[in-house]
Amino acid sequence: MRVQGRRLAGLAFSALLLSLAACGGGSSSDGATETEPRSTVTISDSPMVTAGDTTPATVAPPSGSITVGVATDLQTLDPHLAQPAQLHYLDLVYDALTKVGTSGAVEPNLASSLTSDDLTTWTATIADGATFSDGTPVDAAAVVYSLDRGKATTESPSAPLFAQIDSVEATDDSTVTIVLTAPNVAFARDMAGLAGMIVNPASEGSDLSRAPAGAGPFTFDASGSVEGSEYKYDARTDYWGTGVGVEHVSLQLIIDPSARVNALVSGQIDIAAELGPADQTKVGDAEVVLAPTSEQLYIQVIDSDGSKVPALGDPLVRQAMSYAIDREGVNKAIMLGGGIPTTAWFAEGSPYYLAEVDGVGYDLDRARELLADAGYADGFEFDTPTVEALRPVTEAVAGSLAQIGIKMNIKMQQPGTLGQQVRDGQWAASLTITRGQTPPVFYSERLTADAPFNPFNAQRTTVTDLGEQALAATTEAEAVSLWAQAYAEAVKQGYMIVVAHVTTGAGVASGVSGAQVLFGSLIPDLRSVRVDG
Amino acid sequence: MLTFILRRVLAVIPLVVIATAATFFMLQLSDVDPAVLRLGDSATEEQYGEVRAELGTDRPAVVQYVDWLSHAARFDFGESWKRPVPVMTMVHQRMPATLSLTLGAVLVTILIGLPLGIASGVRAGSTADSVITATASIGQAMPAFWTGLLLAAYVAIPTGWFPATGFVGPTASVGDWARSIILPSIALGISGAAALARQTRAAVAGVLRQPYVRTAVSVGYSRRSILGSDVLRNAAIPIVTVLGVQVSLLLGGSLIVEQVFVVPGLGSLAFSAILEKDLPVVLAVVTVAALLVTVVQLALDVLYGALDPRVRVR
């Protein structure tokens with residue numbers, strides 16, 4: 001077994017990525033974007049690829065087929081309704097305004113440039129020759145249509161990203177002016193994800209869930225796909241961009257990580273995505289490609305005002321839960337020591353790291369004392385959802401909480417559905433894992449009173465006070481400091497009870513080259529992989 | 001014989017209606033509201049009402065069932081609550097895998113269970129009988145998922161003879177189709193083979209003790225000819241009965257085995273539909289499974305009639 005990739009936080013329990021379906025976003029411990037200078041922000045079209053990119057220098061036409069075992073099922077191919085955890089299904093058929101390169105830097109995509117002098121008014125220039133899959137040119141009007149469509153989709157999981165857009169206007173055929181409600185240094189990065197994917201205006205009124213209308217390098221083969229099992233894509237012969245390596249892509253749903261490994265080893269698939277440390281050791285001659293950053297495995301206390309489960313509304317109870325979790329035991333038993341047991345939201349090395357909230361925090365006596373002080377000496381119970389890959393760690397945490405009389409009833413769910421369930425208010429708390437998104441995005445998604453993943457409209461004023469100050473910060477240093485304090489406060493209040501930091505990995509068969517997991521993605525970038533021979 | 005078959009065919013109809021009605025009304029007891037599934041908790045009552053009206057779930061349950069039944073009779077199971085796809089399309093896509101797996105498992109059951117049962121029955125009380133009986137007991141106790149995991153880990157991966165996961169349709173490649181269903185079929189059929197072996201052993205040993213068999217032996221007929229012409233025919237009814245039960249159990253067992261071998265069949269469809277609370281899909285799978293079981297039972301009834309004319313008379 002060969003291991004490739006950066007390890008910012010050690011080996012990880014990457015099978016847990018299934019829970020990305022639940023959170024649909026999260027906060028990175030990397031914080032790459034936030035260190036950008038807060039002045040003129042420009043991405044230009046000069047280097048389309050950056051140092052370290054594995055895209056072949058000589059562009060060969062796409063050839064061969066690749067089959068990838070993935071852990072979550074496709075929900076929708078409408079980028080304005082899709083959860084962030086579904087990005088890999090949509091990335092093949094949609095191009096976004098920008099993209100995140102292999103180095104983690106934001107690069108041009110449909111927008112050959114995206115610039116701003118004040119971080120509020122952004123100018124996007126549309127790349128020459130870009131076309132949608134039906135041959136229609138991608139122009140400024142299409143970008144305006146797509147961003148307006150996203151803003152109008154109030155139920156969109158990307159709603160916080162669209163909410164920052166005050167107006168979108170086509171200056172000419174290839175130039176768009178986007179005015180934000182407030183300065184955002186990370187706007188170019190925000191436009192690299194689902195929110196930045198441009199939808200063909202010709203699809204107006206159509207259901208995009210299985211009929212995508214994008215400018216990406218592949219088309220979706222609906223007739224060749226089997227719902228809930230296998231989804232097929234074919235490379236466009238008229239794709240406007242370059243660098244696409246394979247002609248056919250098949251995303252095969254294999255929920256069980258052991259089955260994904262078996263499929264990889266016995267040659268049924270070429271890439272097994274989302275493998276944990278134990279599974280990574282079983283891939284034989286296959287290469288293991290690790291994600292560039294670690295993520296947080298944590299209990300998200302959604303009902304922190306106690307609307308559904310009154311006990312969870314008490315900060316003493318949430319703190320007791322944190323003290324009751326045997327993080328080192330969970331890490332050793334479930335993750336084979338591959339995670340980093342910690343109470344901190346940001347890993348050491350992150351610009352947001354604060355040592356005051358870092359520790360393992362395991363103290364059963366203190367936990368019982370806090371629970372008694374809160375009036376729950378006899379404990380209480382609540383339901384929590386999980387998916388197969390997260391079941392072991394959820395059961396381990398449930399076992400920890402049971403030591404102080406808290407009964408966490410585990411309810412199995414279909415991977416890919418938890419994000420919507422959380423947004424619908426079905427759960428008071430959920431053990432889940434984040435995905436590489438910036439602190440402002442996670443904050444807007446989950447912590448503010450009107451956040452889409454805050455269905456109970458819970459008030460977290462001590463955090464939101466700091467968060468609003470961070471959003472209004474005038475220097476990068478000030479913003480970093482305020483975000484660090486805001487997230488430390490959220491951890492202290494027990495809105496997020498961190499169990500560990502983990503890193504994802506993918507098994508890649510020999511004969512497949514160019515596989516790299518990009519920042520914020522679940523699986524290797526399928527645009528750049530090639531099949532040898 | 002034709003009247004007999006027609007009578008059995010007609011008997012299938014109320015069976016399917018009862019099975020689907022029971023499932024439908026049990027599902028009605030669940031608290032799943034398709035409007036909430038689609039719109040979430042934050043929609044207005046008016047929006048919920050529109051979705052319920054669109055799906056027809058605002059009508060009385062009996063009316064819904066009759067409407068559903070009238071469509072289901074034309075194999076129209078409506079649209080999935082979770083996916084923008086007709087349920088029948090989903091079922092149709094999954095049928096080849098399930099039928100292949102069921103066929104393979106039945107073959108495994110018969111090809112392993114029957115010879116072992118006969119061999120054990122004709123040697124009742126011998127060491128060979130004891131070994132076969134003990135092996136059958138172990139085989140019957142082995143859960144299909146466990147057998148499947150062992151086969152994947154210790155047969156498929158080390159040898160590479162069979163794929164550890166996946167399914168290839170027979171229209172794509174007959175050879176690959178056969179390779180893809182062999183291990184799941186063994187995992188699914190091994191327990192049934194054990195049950196069939198035990199039942200066959202008991203039936204054969206019982207018939208061999210009958211006075212007419214002893215008489216036939218005493219007048220000089222060979223044991224082989226007696227076994228072929230009398231013993232197996234008389235032992236066939238209980239054997240066929242067990243086989244029928246096993247086929248029904250195979251459909252249930254496929255739910256787990258399909259997960260282990262990542263076979264896109266009805267079992268895995270039902271599994272995900274239950275987790276997603278996609279009731280139309282659950283109902284369709286139950287209906288198809290009920291139909292398959294009743295068709296198998298019908299075939300067995302016909303076989304009973306062929307094996308024993310007294311059944312036809314009744």
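Values computed for the structure shown
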{"read-out": "Per-region count, the stretch A:365-378, residues surrounded by 17 or more Cβ atoms within 10 Å (Cβ to Cβ) and either touching a strand residue (DSSP E or B) at 6+ places or on another chain (Cβ under 8 Å) or within 16 Å of residue A:312 (Cβ to Cβ) (or both)", "value": "5"}
{"read-out": "Single residue of B:218, B:248, B:254, B:222 found to be under 14 Å from the mean Cα position of the chain (by Cα), at pLDDT below 85 and more than 19 Å from residue B:114 (Cβ to Cβ)", "value": "B:254"}
{"read-out": "Residues located in the stretch B:60-98, provided they are among the small types (Gly, Ala, Ser) and within 14 Å of chain A (Cβ to nearest Cβ)", "value": "B:80, B:97"}
{"read-out": "Looking only at the stretch A:496-533, and only at residues there that are closer than 21 Å to residue A:351 by Cβ and not aliphatic (A, V, I, L, M), the one that is farthest from the chain's Cα centre (by Cα)", "value": "A:501"}
{"read-out": "Any hit, the stretch A:178-198, residues being over 23 Å from residue A:445 (Cα atoms) and either hydrophobic (A, V, I, L, M, F, W, C) or more than 20 Å from the chain's Cα centre (by Cα) (or both)", "value": "no"}
{"read-out": "Any hit, the stretch B:194-203, residues being surrounded by fewer than 21 Cβ atoms within 10 Å (Cβ to Cβ) and free of Cβ contacts under 8 Å to residues at least 12 places away in the same chain", "value": "no"}
{"read-out": "Hits in the stretch A:382-426 - residues which are over 24 Å from residue A:343 (Cα atoms), outside any helix (DSSP H, G or I), open to solvent by less than 30 Å² (accessible area, probe 1.4 Å) and not β-branched (Val, Ile, Thr)", "value": "A:413, A:414, A:415, A:416, A:424, A:425"}
{"read-out": "3 or more residues touching a helix residue (DSSP H, G or I) at 6+ places or on another chain (Cβ under 9 Å) and aliphatic (A, V, I, L, M): qualifying helices (runs of 4 or more DSSP H) within the stretch A:136-200", "value": "A:140-152, A:159-163"}
{"read-out": "Selection from the stretch B:75-93 of residues that are among the charged types (D, E, K, R) and either at positive phi or under 23 Å from the mean Cα position of the chain (by Cα) (or both)", "value": "B:76"}
{"read-out": "Odd one out for residue A:208 among (1) within 14 Å of chain B (Cβ to nearest Cβ); (2) closer than 17 Å to residue A:140 by Cα", "value": "(2)"}
{"read-out": "Residue pairs meeting the criteria (Cβ under 7 Å; at least 6 apart or on separate chains; first more than 14 Å from every other protein chain (Cβ to nearest Cβ) and basic (Lys, Arg), in the stretch A:62-88; second surrounded by fewer than 23 Cβ atoms within 10 Å (Cβ to Cβ) and part of a loop (DSSP other than H, G, I, E, B))", "value": "none"}
{"read-out": "Hits in the stretch A:345-403 - residues which are on the phi > 0 side of the Ramachandran plot and touching a Phe, Trp or Tyr at 6+ places or on another chain (Cβ under 9 Å)", "value": "A:361"}
{"read-out": "Residues within the stretch B:140-157 that are among the hydrophobic types (A, V, I, L, M, F, W, C), within 11 Å of chain A (Cβ to nearest Cβ) and open to solvent by less than 80 Å² (accessible area, probe 1.4 Å), tallied", "value": "7"}
{"read-out": "Positions within the stretch A:257-279 being more than 7 Å from every other protein chain (Cβ to nearest Cβ), farther than 12 Å from residue A:512 by Cβ and not small (Gly, Ala, Ser), in sequence order", "value": "A:257, A:260, A:261, A:274, A:275, A:277, A:279"}
{"read-out": "Selected residue (criterion: nearest to the other protein chains (Cβ to nearest Cβ)) from residues of the stretch B:249-291 that are in contact (Cβ under 8 Å) with a residue 60 or more places away in the chain, hydrophobic (A, V, I, L, M, F, W, C) and open to solvent by 40 Å² or more (accessible area, probe 1.4 Å)", "value": "B:256"}
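The values are calculated or read from the model by the stated rules, or taken from the named source; none is laboratory data. Worth saying up front: this structure is predicted, and the values here are computed from it rather than measured. Every residue, glycine among them, receives a Cβ derived from its backbone with ideal geometry; neighbour counts consider all protein chains shown. Calculation scope for accessible area: heavy atoms of the full protein, side chains included, ligands and nucleic acids excluded. Shrake-Rupley method; radii C 1.70, N 1.55, O 1.52, S 1.80 Å.
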